[in-house]
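Some notes on the structure that comes next.
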Amino acid sequence: MSKHHYVAIMAGGIGSRFWPMSRTNYPKQFLDILGSGKTLIQQTFDRYSEVVAPENIYVVTSHEYASLVKKQLPDIAEENILSEPFRKNTAPCIAYVSFKLMAKDPQACLIAALSDNLILDADEFAKTTHSALTFVDHLNAFVTLGIKPTYPNTGYGYIQHDTIEAAPGIFKVKTFTEKPNLELAKTFIASGDFLWNAGIFFWKVKNILTAFEKYLPEMYEVFASEKDKFNTDEEASALNEIYPQCSNISIDFGIMEKADNVYVIPASFGWSDLGTWNGAWENMDRDPADNAVAGKKVVVIDASKCMVHVPDTKLVVLQGLENFIVVDTKDVLLICRKEKEQEIKDYVAEVKKVLGDKYL
């Protein structure tokens, strides 16, 4: 492991598409979605501990989740939990950790990763990350990981790449497309040169900061004006000045779609976004009728391809449903067609409009 390799685990999202299990006060990255015995953020931390030194792993989260991070990751140092004053998407998050690392280690190489991915093959993942780190260590390049699509998913981003390798197993990125409609997703898959965007990025910190200066100059200037306060007692107050001035934009839209030095590694390590209930269904054990059931007292009659997550103490009889999501929590019952799962966040907005924040 190189002492110059770091990981930033981005853990500030609220997981609204995983509602009602994921709530604003306890979002999905802090839940054991698949019953593995570890939460998603714990699995993510363990995974990257095999790639970089554990003391080089940072978690960037919203200030209200900092105590949850410390509770679930007791071995992480307090100074490695970076608290954003409020959510502004992934570009400000990455700018924050990049400016901190640049002050500490100008040779730093960073992996920017999400906290809620499922990865089943840890050895293959470690091998792939090593290839990506080696590539960006020696070139002014950004690398992302792409997953060979198995069906036209409209909830994922897509990466189109060259067909000629830039290096063994590494291809130049041609285009990024965020969450296409069904027909476009089908076209992408038929073409053979598109991958799902896993949302895992690799770069030298000095190079990503140069890209911020070029493509997001206003954000860069705001952070740069306060950079001397990072890694000091004034950092929190500086962030309170910085974040209101930052646009709410993802690193994908802000930089990756514009930069001409982005590469992708087609990877196969059992990846799932786990961003939706259908993602959970795909990765759970299923009965002969393709129902995935979490709950000890569920009786299924003439139902198929359903995702059911209910308390162990509740008797649930499921009859005649096909391709439905049924989720019951202490105070909310969700019954929704699986093909409408991308709209769950809209249902949450409607709940807020009608009933306020109580059920969010």
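Throughout, read-outs are computed from the coordinates displayed, never taken from laboratory work. Keep in mind it's a predicted model, so treat the numbers as computed, not measured. Heads up, the Cβs are rebuilt from the backbone with ideal geometry, glycines too, and the neighbour counts pull from every protein chain shown.
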Between Leu118, Ala53, Ile94, whose Cα lies farthest towards the positive end of the dipole of the chain when Lys and Arg beta carbons carry +1 and Asp and Glu beta carbons carry -1, centred on the Cα centre?
Leu118
Select from Ser98, Ser237, Ser16 the residue whose mean-square fluctuation is largest in a Gaussian network model of the chain (Cα-Cα springs shorter than 10 Å).
Ser237
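Kindly rank 175-183, 124-132 from highest to lowest mean number of other beta carbons found within 10 Å of each residue. Let's see the in-between values first.
On the way: 175-183: 13.6, 124-132: 19.0.
Sorting 175-183, 124-132 by mean packing, highest first, produces 124-132, 175-183.
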At Asp105 and Ile335, where each label point lies 7 Å from the Cα along Cα→Cβ, what is the point-to-point distance in nanometres?
5.3
I need to check one value: relative contact order of segment 33-178, counting alpha carbon pairs closer than 8 Å and at least 6 residues apart, in percent.
17
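Work out which helices of the chain, taken as complete DSSP H runs, extend at least 24 Å along their axis over the Cα atoms and score a mean Kyte-Doolittle of -0.5 or more, then list them. Numbers along the way, then the final one.
Numbers: long enough: 122-138 (25 Å, -0.28).
Qualifying helices: 122-138.
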In debye to the nearest 20, the charge dipole size for segment 146-221, taken about the Cα centre with +1 at each Lys and Arg Cβ and -1 at each Asp and Glu Cβ, equals 180
Segment 5-272: relative contact order from alpha carbon pairs under 8 Å, six or more residues apart, as a whole percent, is 24
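Tell me the net charge near Asp331. Cut-off is 12 Å between Cβ atoms, Asp331 excluded, with +1 for each Lys or Arg and -1 for each Asp or Glu. Show your work: numbers first, answer last.
On the way: positive: Arg23, Lys330, Lys358; negative: Asp328.
Local net charge: +2.
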Percent relative contact order for segment 117-198, counting Cα pairs under 8 Å at least six residues apart, stands at 34
Placing +1 on each Lys and Arg Cβ and -1 on each Asp and Glu Cβ in the chain, then taking the dipole about the Cα centre, the residue among Val7, Val308, Met256 whose Cα reaches farthest towards the positive end is Val308
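Report, in debye and to the nearest 20, how large the dipole of the chain comes out about its Cα centre when Lys and Arg carry +1 and Asp and Glu carry -1 on their Cβ.
Values: 37 positive and 48 negative charges, 103 e Å.
The dipole of the chain has a size of about 500 debye.
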Give me, ordered by chain and number, the residues 5 or more places off Gly157 or on other chains with an amide H under 5 Å from its own placed amide H.
Lys179, Asn197
Part-to-part distance (alpha-carbon centres) for segment 24-52 and segment 266-306, which is given in Å:
19
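What percent antiparallel are the DSSP beta bridges of the chain, to the nearest 5? Please report the intermediate quantities before stating the final value.
Details: 28 of 59 bridges.
Here the share of antiparallel DSSP bridges comes out near 45 percent.
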Indicate the gyration tensor shape class of segment 18-131 (rounded, prolate or oblate), computed on the Cα atoms with a ≥ b ≥ c the square roots of the eigenvalues: a/c under 1.5 is rounded; otherwise a/b larger than b/c is prolate and the rest oblate.
oblate
Suppose every K and R has +1 on its Cβ and every D and E has -1 on its Cβ; what is the size of the dipole of segment 90-155 about the Cα centre, in Debye to the nearest 20?
200
Of all beta bridges DSSP finds with both residues in segment 233-343, what is the antiparallel percent, to the nearest 5?
30
Please arrange Leu145, Leu334 by how many other C-beta atoms lie within 10 Å of their C-beta, fewest to most.
Leu334, Leu145
